[in-house]
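Dumping the structure here so I can ask a few things about it.
The values are calculated or read from the model by the stated rules, or taken from the named source; none is laboratory data. Nothing here was measured: the structure is a model prediction, and the numbers come from that model. A quick note on method: Cβ atoms are made from the backbone with ideal geometry, for glycine too, and the neighbour counts reach across all protein chains shown. Each accessible area value is taken on the protein alone, full model and side chains, heavy atoms only, with ligands, DNA and RNA left out. Shrake-Rupley method; radii C 1.70, N 1.55, O 1.52, S 1.80 Å.
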Amino acid sequence: MQRQLERTIIDDTILVRQSQHGDSVAMGRLIVKYQDRVYNTILKICGNRDDAAELTQETFVKLIEKIKTFEGKSAFYTWLFRIAVNLTFNYCKRRAKVGMQSLEAATGPEFDGARVHLGMFLADEGSVDPAVVAQNKEIGEILVGALSKLDEHHRAVVVLRDIEGMSYPEIAEALEIQLGTVKSRLSRARANLREILETVLI
Amino acid sequence: MNEGHITDIEELLSCYIDGELSERGRTEVKRLIQHDESVAGKLLKMKKQKQLLNSLPIASAPEGLVEDIKGRLAKRPISERFGLDADESAGARHLLYRRVLTAAAMFVLVGVLAVVVFSVIMPGSALRKDVAIEGGGPSEVVTGSKEALVDSGRGVEAVDSYPFKAALELATYESIAINGFIAKAIYSNDLVDNTIPKRHPTRSDYHVTCTTEQIVGLLDDLEAVWVRCERVSLTVYGETVASDIVIGSVTSAQAIAVLAQEKPDERVELAKNFADFNALIQSRGDEGILASGASGGEKEFVPSVPVKPELTRPEQPQARRDQPETGGNVNLIITVTGL
């Protein structure tokens, strides 16, 4: 895992350096490499596919414009996510109520089965594969709806940790906050999300 | 268990499921969940919640994202698209160079304009002129500022920008009486507001600025002064300092005739004639011509048709001041010098 991360960083360093010298192929490779992860993160924070696509484009446009200013003090990966998250936060400020309808829609009768299923999974110590549960479309919508009920800072920290899989120091770099703040914010965000889910589950 | 403690447990469990605790922290959490079922339940829910979120399907970016980004970049202005490159390009330097040049040219233009405007509107600009100095004859010409000549106490402060200027000098042994007479004449001709009197140790100046008609009226009243003066001369300032005309032993009729002329050319022509004529009289002796004039019942001789005078000094081509085409206002300096 550590070796893979190191190779990723080395690969990124080479591609970034080439991009800084105007190599459009290298820049294209960087975009292709990170487009899904950036899009997925933005989508989970903003909750709207079209807006997520727009914000992803904007993120990479900014990346191209700013690539020469990247000094390598942090990992390219966290630097890129910082751009993405900041753009998404700005978007969230403009549309404060984004995602509210998702959870309300997920509380309808057609979601009853999914909610029961989800409640049992969370309380059960059984060995049900979480990936199988999460592949359930309705459960996925309930989870995303619950995420959208968090404020954007809590949402971002949960998305970066539990979905994107970033380490605490990487989250601290991407969100430009202290490591201690990452811990406390993540703890509170998880507790809030749990409370939100408990209100939805049957 | 207080609220702060719960928060600490939440954070502890959160770090525990993320593998971010030290060995000691992990041991503590294990001890906690062994002795407290609620903590164990909470930890289970947290783990499950994390697993679920981690297992959510990863949404793929829309197809053609790279093309969309290229299209988006193409829509942006070149300067915005290439950011730092544009600053470093030769085109940008050239543009900057042109802007600097344009700004410099504008500054120079504004500076020249300011100098021109300043020279036009500045009151002091009219002071630096050539001034004719009385006392040394028409050939004595000094160039300097008006103030400097006034301070010297010997100059005729004749020159400012007023049209048609002349100086009448009266040299007399009865300066007190003559000054009184002049003051009375100025008063009776209602020229008090038009006159600036100046007293000097040996002379008195009256700067009179008025219309031609008023100056003629004043000189009419001053006719009686002539007989009480030893010398009377009239200086008519011409286009240039060198073209100033001094009429020696000028009579009151001659002075009136010159000052009454409306056109500058005629005024100058007549002044020259009188100057030559009076000089001729002086050279032949007063008895000759003046006696012949007196025998005809005339007090003085005024030629009706001026003869072409000979130039007493070379013409100077350069103009000293603007002269109006027609007469009008006159600036006459009457100087009474005590003998």
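For segment B:206-240, what are the residues that are aromatic (Phe, Trp, Tyr), open to solvent by less than 30 Å² (accessible area, probe 1.4 Å) and within 19 Å of residue B:271 (Cβ to Cβ)? Show your work before the answer.
First, pick out the residues of segment B:206-240 that are aromatic (Phe, Trp, Tyr): B:206, B:226, B:237.
Right, trim to open to solvent by less than 30 Å² (accessible area, probe 1.4 Å) and you get B:206, B:237.
Within segment B:206-240, B:237 is the sole residue that qualifies.
Let me ask you something else. Can you tell me which residue within segment A:171-182, out of those that are out of contact with any Phe, Trp or Tyr (no Cβ under 7 Å at 6 or more places or on another chain) and surrounded by fewer than 22 Cβ atoms within 10 Å (Cβ to Cβ), is nearest to residue A:75 (Cα to Cα)? Reasoning before the result, please.
To start, the set of residues in segment A:171-182 that are out of contact with any Phe, Trp or Tyr (no Cβ under 7 Å at 6 or more places or on another chain) comprises A:171-173, A:175-178, A:180-181.
Remaining after also requiring surrounded by fewer than 22 Cβ atoms within 10 Å (Cβ to Cβ): A:172-173, A:176-178, A:180-181.
Details: A:172: 12, A:173: 9, A:176: 13, A:177: 16, A:178: 17, A:180: 20, A:181: 20 Å.
The residue in question is A:173.
Shifting gears a bit: Would a scan of segment A:86-109 turn up a residue that is at pLDDT 85 or above, within 14 Å of chain B (Cβ to nearest Cβ) and in contact with a Phe, Trp or Tyr (Cβ under 7 Å, 6 or more places away or on another chain)?
So far as segment A:86-109 goes, no, none of its residues is at pLDDT 85 or above, within 14 Å of chain B (Cβ to nearest Cβ) and in contact with a Phe, Trp or Tyr (Cβ under 7 Å, 6 or more places away or on another chain).
Looking at segment B:241-250, which of its residues are open to solvent by 30 Å² or more (accessible area, probe 1.4 Å) and β-branched (Val, Ile, Thr)?
Across segment B:241-250, the qualifying residue is only B:246.
Of the residues B:190, B:205, only one is at pLDDT 90 or above and not in a helix (DSSP H, G or I); which?
Working: B:190 fails: at pLDDT 90 or above.
On inspection, the qualifying residue turns out to be B:205.
Quick one: is residue B:71 surrounded by fewer than 16 Cβ atoms within 10 Å (Cβ to Cβ), closer than 27 Å to residue A:196 by Cα and either in contact with a Cys (Cβ under 6 Å, 6 or more places away or on another chain) or more than 7 Å from chain A (Cβ to nearest Cβ) (or both)?
Numbers: surrounded by fewer than 16 Cβ atoms within 10 Å (Cβ to Cβ): yes; closer than 27 Å to residue A:196 by Cα: no; either in contact with a Cys (Cβ under 6 Å, 6 or more places away or on another chain) or more than 7 Å from chain A (Cβ to nearest Cβ) (or both): yes.
For residue B:71, the condition - surrounded by fewer than 16 Cβ atoms within 10 Å (Cβ to Cβ), closer than 27 Å to residue A:196 by Cα and either in contact with a Cys (Cβ under 6 Å, 6 or more places away or on another chain) or more than 7 Å from chain A (Cβ to nearest Cβ) (or both) - is not met.
Let's see how each residue does on (1) within 60 Å of the chain's Cα centre (by Cα); (2) assigned to a helix (DSSP H, G or I); (3) free of Cβ contacts under 8 Å to residues at least 40 places away in the same chain; (4) more than 7 Å from every other protein chain (Cβ to nearest Cβ):
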site: B:34; (1), (2), (3), (4): no, yes, yes, yes
site: B:40; (1), (2), (3), (4): no, yes, yes, yes
site: B:62; (1), (2), (3), (4): no, no, yes, no
site: B:66; (1), (2), (3), (4): no, yes, yes, no
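Here is a yes/no grid of residues against (1) within 13 Å of residue B:335 (Cβ to Cβ); (2) under 38 Å from the mean Cα position of the chain (by Cα); (3) in contact (Cβ under 8 Å) with a residue 40 or more places away in the chain:
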| position | (1), (2), (3) |
| --- | --- |
| B:187 | no, yes, no |
| B:204 | yes, yes, yes |
| B:210 | no, yes, yes |
| B:234 | yes, yes, yes |
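Helices (runs of 4 or more DSSP H) wholly in segment A:121-180 with at least 1 residues that are under 17 Å from residue A:195 (Cα atoms) - which ones? Before you say what the answer is, go through the steps one by one.
Working: elements: A:130-135, A:137-149, A:152-158, A:168-175.
Where helices (runs of 4 or more DSSP H) fall fully within segment A:121-180 and carry at least 1 residues being under 17 Å from residue A:195 (Cα atoms), they are A:137-149, A:152-158.
In segment A:162-181, is there at least one residue being acidic (Asp, Glu), without any contact (Cβ under 8 Å) to a residue 60 or more places away in the chain, within 24 Å of residue A:131 (Cα to Cα) and facing chain B (nearest Cβ under 7 Å)?
Residues of segment A:162-181 acidic (Asp, Glu): A:162, A:164, A:170, A:173, A:176.
Still in the list and also without any contact (Cβ under 8 Å) to a residue 60 or more places away in the chain: A:162.
Those still in the list that are within 24 Å of residue A:131 (Cα to Cα) too: A:162.
Next, only the ones that are facing chain B (nearest Cβ under 7 Å) stay: A:162.
Yes: one or more hits.
Take the residues of segment A:125-159 that are over 17 Å from residue A:184 (Cβ atoms) and away from chain B (no Cβ under 11 Å): which is surrounded by the fewest Cβ atoms within 10 Å (Cβ to Cβ)?
Checked segment A:125-159; the qualifying residue surrounded by the fewest Cβ atoms within 10 Å (Cβ to Cβ) is A:127.
Oh, and also: Being at the interface with another protein chain (Cβ under 8 Å from one of its Cβ atoms) and either out of contact with any helix residue (DSSP H, G or I) (no Cβ under 7 Å at 6 or more places or on another chain) or surrounded by fewer than 17 Cβ atoms within 10 Å (Cβ to Cβ) (or both) is the filter here; which residues of segment A:29-39 pass it? Before the answer, list the steps.
Let us first name the residues in segment A:29-39 that are at the interface with another protein chain (Cβ under 8 Å from one of its Cβ atoms), namely A:31-32, A:35-39.
If the condition is that a residue be at the interface with another protein chain (Cβ under 8 Å from one of its Cβ atoms) and either out of contact with any helix residue (DSSP H, G or I) (no Cβ under 7 Å at 6 or more places or on another chain) or surrounded by fewer than 17 Cβ atoms within 10 Å (Cβ to Cβ) (or both), then A:32, A:36, A:37 are the ones that fit.
Show the residue pairs that are 6+ apart or on different chains and have beta-carbon atoms under 6 Å apart, the first residue being within segment A:44-71 and within 8 Å of chain B (Cβ to nearest Cβ), the second being open to solvent by 60 Å² or more (accessible area, probe 1.4 Å).
Sorted first by the residue in segment A:44-71, then by its partner, the pairs are A:57/B:68; A:68/B:84.
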